[in-house]
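Take a look at the structure set out below.
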Amino acid sequence: MDNFRELYVHTQVRLNMAHETSARVFRQASDDAREMAMRVIHDPALNEIKGQAENVWRTVLEILKRLRESISTPNAVVEQLQIIFRDEIARNNTYFVLVGLGTGCMFGCMFGVWLARKTIANPIMKSVACVSYYGSDNVTLCKTNLPHLRSSSDILVRVRAAAITRLDVEISHGYGKILRRIIQSYNSGSPEMPLVVGRSCSGVVENVGKDSKSGLEIGDEVWLASNFYEIGLASQLVVAHESRIGRKPVLIGFEGAASLPYDGCMALIALKKAKLSENSSIGKKVLIQDGCSAVGCILTQLIKKWGGYVVVTCHQRSAPVVNALGADEIITFSNDSFETNFYEKSIEQSTFMNELLSRQVKYDVVFITTRLNYSTKFIERFLTPHGTIVHAVESIMPSDEYGIFMRMMFKIYVTLKRMGTTVFGVEPKWADEPHLCHNNLDILAGYINDEILNTVVDQVYNPQEAERAVAHVISEKRIGSTIITFR
């Protein structure tokens with residue numbers, strides 16, 4: 001009990017001391033604040049400011065008094081106006097002052113209304129896009145605005161799968177950027193970046209324009225492709241004109257269907273350039289460079305089914321696949337030296353040249369399916385007298401290297417060409433591009449349904465794995481197509 005009483009007394013003493021200390025500190029702070037306020041009030045600088053304010057106020061009152069007196073006597077007002085408009089210079093100055101005030105007030109009101117407007121956030125979707133033209137490392141998963149029907153003949157498609165191609169990798173390095181920038185400024189006016197990639201896709205019809213004559217309905221399974229200067233298709237939703245969309249073959253899934261539209265059209269155009277068809281391919285000897293590319297896989301199957309003799313080049317990993325597609329002969333390279341055989345050695349010393357020399361065969365057609373860093377003129381010695389070399393790859397765009405003046409001239413050219421094609425009702429052709437229309441898609445669908453053509457899908461990735469998908473596309477181990485699935 002004594003210990004508790006001592007603890008209570010000790011606590012009371014501590015509390016009293018704390019209270020006295022707090023009161024002393026508060027009184028000291030109050031005295032300091034009062035002293036500071038008195039110094040500010042009696043400061044000569046403050047008195048000077050107060051004097052100036054009083055002078056301004058007296059001047060304002062004097063002006064208002066004179067104005068009231070002048071308004072009360074109309075003659076004084078007229079005299080003042082005569083002084084203001086005494087000559088032409090004064091009248092002009094007054095006119096420009098009034099115009100300036102009126103214009104400033106008008107634009108100020110418009111700007112204020114614009115700032116006070118209600119902003120509605122645009123609905124967004126997932127897309128695989130490049131955020132700059134500094135390389136494939138800038139291709140990633142992005143959020144972009146939902147598309148809308150631009151014309152009554154457009155069709156909205158919910159994408160199930162999209163193909164990432166080597167052309168998309170080149171686009172991420174700036175391929176076709178000048179032409180794309182000009183065309184998109186006319187078509188959509190949307191920001192250039194992020195730029196959605198993906199040249200082919202498959203999906204389900206979500207909406208159909210009221211004037212569409214395609215016969216497609218909501219829920220139909222379709223596939224489509226886009227050119228390099230257009231917005232890509234690796235998005236959850238895409239909009240395209242009805243002429244670009246075809247019905248998906250029923251024998252293949254969405255991932256397989258997404259691998260064919262663009263590369264299939266490239267293959268059809270290459271076959272047309274080579275004058276090869278079901279009737280003219282019989283007995284023809286054909287060499288396909290990089291037979292494991294998406295276009296190479298398609299060419300190998302079609303020419304073999306049409307009775308041609310097919311020789312392909314590929315790396316060892318893809319040899320079993322190319323052999324299953326029907327290649328008669330395969331020139332293989334080791335996985336670690338495949339690119340070396342083409343780029344780091346001279347042509348005369350390459351394994352490719354040695355293989356061609358050892359065979360001593362003349363070819364009717366040689367297809368180049370990937371862009372090479374050297375001239376293909378040396379292949380001419382292995383052609384028959386009427387043989388030809390066909391490049392089944394996009395041509396180089398000179399406009400990408402234009403300076404300021406040439407860009408201006410190129411924009412004028414594009415504008416005039418666009419106006420001319422609009423007047424004559426035809427679709428402009430901007431480069432050596434494949435004809436991406438529903439007719440070619442229907443031809444490919446017929447090959448699929450007749451089991452003449454099979455899809456070759458190497459890897460399937462989710463949108464979150466966009467970086468891995470692009471890395472696989474540019475690797476030497478890829479076979480056929482690389483797919484992004486949105487299911």
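Quick notes
- Condition check for Leu179: out of contact with any Cys (no Cβ under 9 Å at 6 or more places or on another chain) and either within 22 Å of Tyr461 (Cα to Cα) or crowded, with 22+ Cβ neighbours inside 10 Å (or both): no
- Restricting attention to region 444-459, the residues being of a type outside the set (Phe, Trp, Tyr) and surrounded by 16 or more Cβ atoms within 10 Å (Cβ to Cβ) number 10.
- Residue that is surrounded by the fewest Cβ atoms within 10 Å (Cβ to Cβ) [pool: residues in region 462-484 that are in a helix (DSSP H, G or I) and in contact with a helix residue (DSSP H, G or I) (Cβ under 7 Å, 6 or more places away or on another chain)]: Ile474
- Here the condition is being more than 17 Å from Ser399 (Cβ to Cβ), modelled with pLDDT of 90 or more and in a loop (DSSP other than H, G, I, E, B); of Gly174, Gly189, Gly203, Gly198, it holds for Gly198 alone.
- Test: residue in region 157-172 that is among the polar types (S, T, N, Q) and within 26 Å of Glu476 (Cα to Cα): yes
Let's see how each residue does on (1) surrounded by 14 or more Cβ atoms within 10 Å (Cβ to Cβ); (2) aromatic (Phe, Trp, Tyr); (3) assigned by TED's automatic domain parsing to the domain that holds Leu216; (4) in contact (Cβ under 8 Å) with a residue 60 or more places away in the chain:
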residue	(1), (2), (3), (4)
Gly108	no, no, no, no
Cys130	yes, no, yes, yes
Asp137	no, no, yes, yes
Thr140	yes, no, yes, yes
Ser151	no, no, yes, yes
Arg158	yes, no, yes, yes
Val169	yes, no, yes, yes
His173	yes, no, yes, no
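- Strands (runs of 3 or more DSSP E) contained entirely in region 230-333, each with at least 2 residues that are more than 33 Å from the chain's Cα centre (by Cα) and farther than 16 Å from Pro434 by Cβ: 285-289, 309-315, 329-333
- Note on region 115-143: residues that are part of a strand (DSSP E or B) and modelled with pLDDT of 90 or more amount to 11.
- The one condition in (1) within 17 Å of Ile288 (Cβ to Cβ); (2) modelled with pLDDT under 85; (3) of a type outside the set (D, E, K, R) that Pro428 fails to fulfil: (1)
- Every residue from region 206-227 that is without any contact (Cβ under 8 Å) to a residue 40 or more places away in the chain and either outside any loop (DSSP other than H, G, I, E, B) or within 24 Å of the chain's Cα centre (by Cα) (or both): Glu221
- Looking only at region 368-420, and only at residues there that are within 18 Å of Val295 (Cβ to Cβ), modelled with pLDDT of 90 or more and not aliphatic (A, V, I, L, M), the one that is surrounded by the most Cβ atoms within 10 Å (Cβ to Cβ): Thr369
- Restricting region 186-202 to residues that are over 13 Å from the mean Cα position of the chain (by Cα) and free of Cβ contacts under 8 Å to residues at least 60 places away in the same chain, the residue that is surrounded by the most Cβ atoms within 10 Å (Cβ to Cβ): Ser202
- Failed item in (1) outside any loop (DSSP other than H, G, I, E, B); (2) in contact with a strand residue (DSSP E or B) (Cβ under 7 Å, 6 or more places away or on another chain); (3) within 29 Å of Ile183 (Cα to Cα), with Gln459 passing the rest: (3)
- Within region 251-290, restricting attention to residues that are charged (D, E, K, R) and surrounded by fewer than 23 Cβ atoms within 10 Å (Cβ to Cβ), the residue that is farthest from Met353 (Cα to Cα) is Glu255.
- Neighbours by Cβ (under 6 Å, 6+ apart or cross-chain): first from region 276-297, of a type in the set (Gly, Ala, Ser); second assigned to a loop (DSSP other than H, G, I, E, B): Ser281/Trp306; Ser281/Gly307; Ser281/Gly308; Ser293/Thr369; Ser293/Thr370; Gly296/Asp290; Gly296/Thr369
- Test: residue in region 175-183 that is closer than 25 Å to Ala257 by Cβ and in the same structural domain as Ser212 (by TED's automatic domain parsing): no
The values are calculated or read from the model by the stated rules, or taken from the named source; none is laboratory data. As the structure is a prediction and not an experimental result, all values here were calculated from the model. Positions of Cβ are backbone-derived with ideal geometry, glycine not excepted, and every protein chain shown enters the neighbour counts.
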